[in-house]
Amino acid sequence: MQRALVLGGATGLLGQALVLELLATQEYHVETLGRQDGNIFDPKFLKEALRTNPYDLIFNTIAMTQVDDAEDHIKDARMVNAGFPEMLAHIVQNQACHVVHFSTDFVFEGTKKTPYLEEDEPKPQSVYGMTKRHGEEILIKRIPTHLTILRTAWLFGSGRKNFVTTMLNAGKKHGAVRVVADQVGSPTFTNDLARWSVRLAKKRISGLFHAVNSGQASWYDLACTALTLAEIPCTVTPISTDMWPQKATRPKYSVLDTTKLQGVLGEACRSWKDA
């Protein structure tokens with residue numbers, strides 16, 4: 001039985017979905033490693049953890065995703081989003097394992113009028129986006145032949161707080177919410193993303209892919225749909241970005257094109273509404 005490691009798999013939103021997907025295949029001995037296990041940002045600790053028991057697959061979901069906090073803690077964002085992938089690449093570059101790394105729509109400027117392709121030029125506008133792009137570049141340079149990078153966005157699923165659960169809880173508690181309506185992206189169900197990720201990893205398919213559910217939505221659209229499907233009576237008021245000031249610049253339009261991923265999988269990515 002092959003060995004798979006999910007970095008951030010014990011507590012992370014995507015990590016937990018990956019663990020369940022890997023276990024469901026009944027083809028892998030699955031382990032997790034995260035901050036609760038020790039200082040994973042210490043090169044000696046990480047090296048010992050990865051070399052004691054070599055893995056066939058490593059999924060890296062470790063990231064600093066608090067976009068506004070990253071603006072105030074640039075050093076931490078660099079360490080987690082770029083420094084950690086660099087350590088990981090250095091440790092495994094001479095091993096046979098395949099690495100699956102997750103990136104973000106925030107690598108793009110957000111001014112395009114059509115969905116972003118993998119070959120479109122990244123122009124991140126935030127510390128989060130810049131550090132995640134740097135992480136991509138480091139991995140591509142160090143381990144290009146056994147690396148899959150999946151850019152994803154707007155994750156929702158079970159196991160940890162996310163935008164959808166926040167909206168459902170707010171709707172139940174207050175009966176009314178105000179939600180930004182002029183930022184448009186690609187909502188993505190973690191179970192679907194985990195399934196696509198494992199399929200690519202099993203085939204050792206290297207490259208950069210956009211991996212999101214099909215369709216597009218504003219945060220307002222996503223909130224309305226979630227509350228309606230959950231049958232929670234709630235008034236949802238659309239607001240503009242400037243009515244909800246935040247430190248980090250968000251892409252106004254960051255929908256990702258999944259044509260490349262669908263071609264490799266041989267199937268369509270279902271819509272975010274179906275998910």
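The values are calculated or read from the model by the stated rules, or taken from the named source; none is laboratory data. Worth saying up front: this structure is predicted, and the values here are computed from it rather than measured. Neighbour counts run over all protein chains shown; Cβ positions are idealised from the backbone, glycine included. Side chains are part of the model used for accessible areas, which takes the heavy atoms of the whole protein and leaves out ligands, DNA and RNA. Shrake-Rupley method; radii C 1.70, N 1.55, O 1.52, S 1.80 Å.
Computed on protein heavy atoms with a 1.4 Å probe, the accessible areas place Glu121, Glu71 in the order Glu121, Glu71, largest first. Report, to the nearest 10°, how far helix 127-142 tilts away from the longest principal axis of the Cα atoms in the chain, using its own Cα long axis and a range of 0 to 90°. For helix 127-142, the angle is close to 30 degrees. When shorter helices are ignored and each DSSP H run of at least 4 residues is given -39500 (n - 2.57), the per-residue value for the chain at 222 nm works out to -11000 deg cm²/dmol. Secondary structure note: in the stretch 141-275, about 15% of the DSSP beta bridges are antiparallel.
For the chain, the relative contact order is 21 percent, taking Cα pairs closer than 8 Å that sit 6 or more residues apart in sequence and dividing their mean separation by the residue count.
Working from Cα pairs under 8 Å separated by at least six residues, relative contact order for the stretch 164-251 is 49 percent. Simple rule: put +1 on each Lys or Arg Cβ and -1 on each Asp or Glu Cβ in the stretch 174-259, find the dipole, and look at Leu222, Thr190, Phe209; the Cα lying farthest toward the positive end is Phe209.
By DSSP, what percent of the beta bridges with both residues in the chain are antiparallel, rounded to the nearest 5?
Roughly 5 percent of the DSSP beta bridges within the chain come out antiparallel.
Taking the Cβ of Gly135 as the center, what net charge do the other residues with Cβ under 12 Å away carry, scoring Lys and Arg +1 and Asp and Glu -1? With Lys, Arg at +1 and Asp, Glu at -1, the neighbours total +3. Our summary of shape: the Cα atoms of the stretch 1-63 have principal axis extents of 32, 25, 14 Å, ordered from largest down, in whole angstrom. In terms of the mean number of neighbouring beta-carbon atoms within 10 Å, the peptides 41-53, 77-89 order highest first as 77-89, 41-53. Relative to the globular-protein estimate of 2.2 N^0.38 Å, the Cα radius of gyration of the chain stands at 0.99. The Cβ shell under 12 Å around Gly110 holds other residues with a net charge of +1, Lys and Arg each +1, Asp and Glu each -1.
FRET efficiency for Gln2 and Phe41, Cβ-Cβ distance as r, R0 = 22 Å, nearest 0.05? That pair, Gln2 with Phe41, gives E of 0.25.
Working ranking of peptides 168-178, 236-246 by packing, defined as the average number of other Cβ atoms within 10 Å per residue, highest first, is 168-178, 236-246.
Amide H contacts of Thr32 (H built 1.01 Å from N, in plane; Pro and chain starts excluded): Val6 sit under 5 Å, all sequence-distant by 5 or more or on other chains.
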